[in-house]
Amino acid sequence: MSESGGDATDRVPLPPEFLRQMAELLGDEFSAFLASYAQPAVSGLRVNTLKLSPVTFRGLSPFPLSPVPWCAAGFILPPEQEAGRHPFHAAGLYYLQDPSAMAVAELLAAQPGERVLDLCAAPGGKATHLAAQLQGEGLLVANEVIPARAHVLTENLERCGATNAIITVEPPERLAARWPGYFDRVLVDAPCSGEGMFRKSDTARQEWQPEQVAGCALRQSRILEDAAALVRPGGMLAYATCTFALEENEGVILDFLARHPEFASVHSPLQPGFRRGILGDVGIRLWPHLVPGEGHYIALLRRQGDTPPASAPARRQQMAREAVRAFAAFCAENLRRVLPVQLYAVGAALYHLPPDTPDLAGLRYMRPGWELGTVRKDRFEPAHALALGLSAADAQRTLDLAPDDEQVRRYLQGEVLDAPGEAGWLLVTVAGYPLGWGKRVGRQVKNHYPRALRWPVK
Ligand code: SAM
């Protein structure tokens, strides 16, 4: 153990003021907390239950897995597995996530058919978890205020096959003014001082400043205020951070509860290793010296009363006949079932509007729903998101490859494949799960895997 706080000497030292604050907060437990920094960060994988069950994944997994006790779809990965560069990742079979972060959606527990808002959603760990809980039924609004991060969020939700998600790019106050009482469940996974990132990231250690904590707490209180307005009476509000400072956790929640008697803290049962909040008995603490994970604070609040979610003006649109015809022709030629979609056009792009989709006019968004494809003249070109939201059984033609087949790597690198068969669009699948589109002409399958997602050629 080094003087700098329990970790290897080639790391940036832990900030001394952080260590002082943690010693004060943890008392007798401080030495165990400090010792956790000598251990590597814990990597986790959450099976995407929109696509397959944890049991099925265990049968396919190339990685050794041990269960995360508080998340049925969660597993701990041994170090250095490169699970982000595996065809199963490209097929959206799992999401890589710190096991402690998996506790957040587990606690919020979205139910199929509900309206759910993730207010600070990028890169999408919790949003993809919430999408899996909804099982395609109901509405997920995933919001991220920073446009570049909203792009990553979009990629992640699309890879995971979320077909009922809208991705907005707005500051929370604009959504609060627009959709009061509209949601059954709202998540604030707040921007924070990131003390739970210190095992993973030297940059997080370098950037931490004691003054940052107070600034974060102020911003968190503002976001929570807006989030509260979006929850229906009887609905749930979850607040989470990946930091340990009292001010950003129990401090924010106690201050919020004092100003909002219409909300009450929910006393969730504790999993082994979880601790109650340090002050005022609000929230749950996950500590890196007590559970396999980097640490989190989570508070679950219920809004008193019981009122159905508010209504909002629905979106209406007169669809161009050519667009409807082109999409119908594509489905008839290339799919085996009629997709239960409500079409919506933005320029040449066609989307499916999830049920209960409110009008988005005047709001910035990345996706108004599930992207289906683009109408070019009278032809329809399917979107990558369509492929990832379908199952292999939906397609007339598939090219199914084994995960270790050289053609999988070639497909993901953007190469043309050689595979004779019936001409037309086909789903390229790995172990039966869609990776993306190809279009066969003669023996050749033209590659439609998006350029931005292609694996680099070494
Ligand atoms: N929920 C995400 C996940 O599980 O992958 C992680 C969210 S991260 C902790 C917090 C997010 O809040 C960041 O993406 C950040 O860009 C966003 N953010 C920053 N400032 C914000 C603000 N003022 N209001 C809302 N979100 C903000």
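Just a few scattered comments:
- Candidates are the residues of the stretch 237-282 that are more than 22 Å from Met197 (Cβ to Cβ) and within 16 Å of the ligand (Cβ to nearest atom); the one that is surrounded by the most Cβ atoms within 10 Å (Cβ to Cβ) is Leu237.
- Residue tally, condition without any contact (Cβ under 8 Å) to a residue 60 or more places away in the chain and farther than 22 Å from Phe57 by Cβ, over the stretch 401-425: 14
- Checking each residue in the stretch 177-214 for being acidic (Asp, Glu) and in contact with a helix residue (DSSP H, G or I) (Cβ under 8 Å, 6 or more places away or on another chain) picks out Asp189, Glu195.
- In the stretch 142-174, the residues that are of a type in the set (A, V, I, L, M, F, W, C), within 25 Å of Thr307 (Cα to Cα) and out of contact with any Asp or Glu (no Cβ under 7 Å at 6 or more places or on another chain): Ala165, Ile166
- Selection within the stretch 163-179 - in a loop (DSSP other than H, G, I, E, B) and within 12 Å of the ligand (Cβ to nearest atom): Val169, Glu170, Pro171
- Test: residue in the stretch 292-299 that is hydrophobic (A, V, I, L, M, F, W, C), free of Cβ contacts under 8 Å to residues at least 40 places away in the same chain and touching a strand residue (DSSP E or B) at 6+ places or on another chain (Cβ under 8 Å): no
- Number of positions in the stretch 112-139 that are in contact (Cβ under 8 Å) with a residue 60 or more places away in the chain and within 17 Å of Thr357 (Cα to Cα): 11
- Residues satisfying the stated conditions in the stretch 334-351, i.e. basic (Lys, Arg) and either in contact with a strand residue (DSSP E or B) (Cβ under 8 Å, 6 or more places away or on another chain) or crowded, with 19+ Cβ neighbours inside 10 Å (or both): Arg336
- Criterion (at pLDDT 90 or above, under 30 Å from Gly436 (Cα atoms) and surrounded by 21 or more Cβ atoms within 10 Å (Cβ to Cβ)) met by exactly one of Pro354, Pro288: Pro354
- Qualifying residue in the stretch 180-191 (condition: more than 10 Å from the ligand (Cβ to nearest atom), surrounded by fewer than 23 Cβ atoms within 10 Å (Cβ to Cβ), within 16 Å of the chain's Cα centre (by Cα) and at pLDDT 95 or above): no
- Looking across the stretch 33-83, the residues that are touching a residue at least 60 places away in the same chain (Cβ under 8 Å) and over 25 Å from Met22 (Cβ atoms) come down to Arg46, Asn48, Thr49, Leu50, Lys51, Leu52, Leu60, Pro62.
- Residues in the stretch 407-458 that are part of a strand (DSSP E or B), exposed (fewer than 15 other Cβ atoms within 10 Å of the Cβ) and among the hydrophobic types (A, V, I, L, M, F, W, C): Val441 alone.
- Residue match in the stretch 88-109 (condition: away from the ligand (no atom under 13 Å from the Cβ), over 16 Å from the mean Cα position of the chain (by Cα) and not hydroxyl-bearing (Ser, Thr, Tyr)): yes
- Matching residues, the stretch 118-133, being more than 10 Å from the ligand (Cβ to nearest atom) and surrounded by fewer than 24 Cβ atoms within 10 Å (Cβ to Cβ): Ala132, Gln133
The values are calculated or read from the model by the stated rules, or taken from the named source; none is laboratory data. Nothing here was measured: the structure is a model prediction, and the numbers come from that model. Cβ coordinates were reconstructed from backbone atoms using ideal geometry, including for glycine residues, and neighbour counts include every protein chain displayed.
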